[in-house]
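The values are calculated or read from the model by the stated rules, or taken from the named source; none is laboratory data. Quantities reported herein were computed from a predicted structural model and do not represent experimental measurements. Every residue, glycine among them, receives a Cβ derived from its backbone with ideal geometry; neighbour counts consider all protein chains shown.
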Amino acid sequence: MPGIIPALSALAAVTNDIELGPCIALAPLYNPIRLAEDIATIDLIAGGRTTLGFGIGSNIDLLNAFGIAGDERVDRLTDTIDVIRGAWSEGSLNYESNFHETPADIDVTPKPAHDVPIMFGGVAKPAVRRAARIGDGWCAPQSLPLEAIRKRVADIETVRENEEIDGDFQVYLVLDGFVGDSHELAWETMREGYFYTTRRYAEIDSGEPVDELSTEQKQDLKEQAIFGTPEQVVDELQTYRDALGDDVHIIFRSYHPNIGTEEMASCIRRLGDEVRPELVRA
C-alpha cells in the first residue's frame with residue numbers, strides 16, 4: 001500500500017478497538033521527524049491504538065533509487081528509532097541524527113496518546129536479536145515454519161533475560177488466508193492473487209521476471225495458507241496458539257489482488273464476527 005499514513009488515519013477515525021500500524025515500514029525511506037509527527041497524529045485520532053512496524057528493506061535497488069546505500073540500512077534504522085523516540089519524549093529531541101539535519105534542541109509535536117510500541121520484521125538471527133534488544137516486538141512472516149518461529153521466540157527471550165531488558169515484548173505473526181463458505185471456495189477465491197503476490201516478491205528479490213511458480217512452490221504456499229470456513233480457520237489458528245502460547249498477535253492478511261472489495265470485506269467481517277470470538281480469551 002503506497003499511502004499507508006492516510007489509510008491508517010482513515011481507519012483510526014472509524015474503528016474503536018483494533019491495533020493499527022504499518023507492517024512494515026521501511027525505515028531508511030522515511031524522514032523520522034515527519035514520521036514521528038504522522039504516527040503521533042494517528043495515535044491521537046485512534047486513542048492510543050497504534051504500533052509502528054519497521055524493517056530495513058531487502059531490495060537494495062529500491063533503496064538505491066532513493067539515494068540510500070544498502071550498507072547504511074541498519075544504521076539508518078537505529079538512527080530513525082532514536083530520532084522517533086526522542087521526538088515522542090517530553091521536552092526536546094535531545095539527539096543528533098547521523099543522517100538528517102535535525103537540531104537536537106527542537107520540541108516535536110504532537111506527542112502520541114500512549115507509548116507507541118515499535119515492532120521489527122526480519123528473520124535472520126541479527127535482525128531477530130536486534131528486535132529483542134531495541135524493539136518492543138517482532139513480526140514473523142508466514143514463510144517461516146512454526147518450529148523456526150518458536151526457536152526465534154526462545155532466542156528473543158534469552159537475549160532479553162541475559163541482557164536484563166525490561167518491558168513488554170509482543171510477538172506478531174503474519175498469516176495469509178481467507179474465510180469463505182467452504183475450504184474449496186476459500187482457496188479458489190484467494191489462490192490466484194496469493195500466487196501473484198508471491199511471484200512479485202520473487203521478482204523483486206531476484207530482479208528477474210517470474211511468470212509462473214512451480215507445482216512444488218504452489219503446493220508449499222497452499223500448505224502455508226490458512227483458509228476455509230470459520231471453524232476450519234479457528235482450528236488452524238489454534239495450532240499456532242498451542243505452539244506459541246496465548247500472547248501472540250495474528251496479522252491475518254486477507255488482501256489478495258483481484259478478489260474484489262466485497263469478497264475481501266466479507267472475509268474481514270467473518271474474521272471479526274465468527275473467528276475472533278473463538279480465539280480471544282478473557
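For this structure, a couple of remarks:
- Of the listed requirements (1) free of Cβ contacts under 8 Å to residues at least 60 places away in the same chain; (2) more than 24 Å from R270 (Cβ to Cβ), D205 misses just one: (1).
- Among (1) over 23 Å from Y201 (Cβ atoms); (2) in contact with a helix residue (DSSP H, G or I) (Cβ under 9 Å, 6 or more places away or on another chain); (3) surrounded by fewer than 16 Cβ atoms within 10 Å (Cβ to Cβ), the one test that N162 misses: (2)
- Considering (1) in a helix (DSSP H, G or I); (2) under 19 Å from F178 (Cβ atoms), the lone condition that F252 does not fulfil carries the number (1).
- Failed criterion for P257 (all others in (1) touching a Phe, Trp or Tyr at 6+ places or on another chain (Cβ under 9 Å); (2) closer than 30 Å to E157 by Cβ; (3) loosely packed, with under 15 Cβ neighbours inside 10 Å hold): (2)
- Neighbours by Cβ (under 8 Å, 6+ apart or cross-chain): first from region 4-15, within 12 Å of D38 (Cα to Cα); second surrounded by fewer than 14 Cβ atoms within 10 Å (Cβ to Cβ): A7/M1
- Filter result (aliphatic (A, V, I, L, M), crowded, with 20+ Cβ neighbours inside 10 Å and either at pLDDT below 90 or not in a strand (DSSP E or B) (or both)) within region 46-78: A46, I56, L63, L77
- Those residues of region 205-237 which are of a type in the set (S, T, Y) and crowded, with 17+ Cβ neighbours inside 10 Å, in sequence order: T229
- Unmet requirement for E96, which otherwise passes all of (1) farther than 25 Å from A131 by Cβ; (2) part of a loop (DSSP other than H, G, I, E, B): (1)
- Hits in region 79-102 (condition: under 17 Å from L35 (Cβ atoms) and surrounded by fewer than 17 Cβ atoms within 10 Å (Cβ to Cβ)): S89, N98, F99, H100, E101
- Among (1) within 22 Å of A46 (Cα to Cα); (2) surrounded by 17 or more Cβ atoms within 10 Å (Cβ to Cβ); (3) in contact with an Asp or Glu (Cβ under 8 Å, 6 or more places away or on another chain) - the single one R129 does not satisfy: (1)
- Those helices (runs of 4 or more DSSP H) of region 131-229 in which at least 3 residues are more than 30 Å from D79 (Cα to Cα), considering only elements entirely within it, cover 183-206, 215-224.
- Residue within region 238-245 that is exposed (fewer than 15 other Cβ atoms within 10 Å of the Cβ), within 24 Å of the chain's Cα centre (by Cα), on the phi < 0 side of the Ramachandran plot and aromatic (F, W, Y) present: no
- Qualifying position, being touching a residue at least 24 places away in the same chain (Cβ under 8 Å) and under 22 Å from N31 (Cα atoms), among A140, A113, A104, A186: A113
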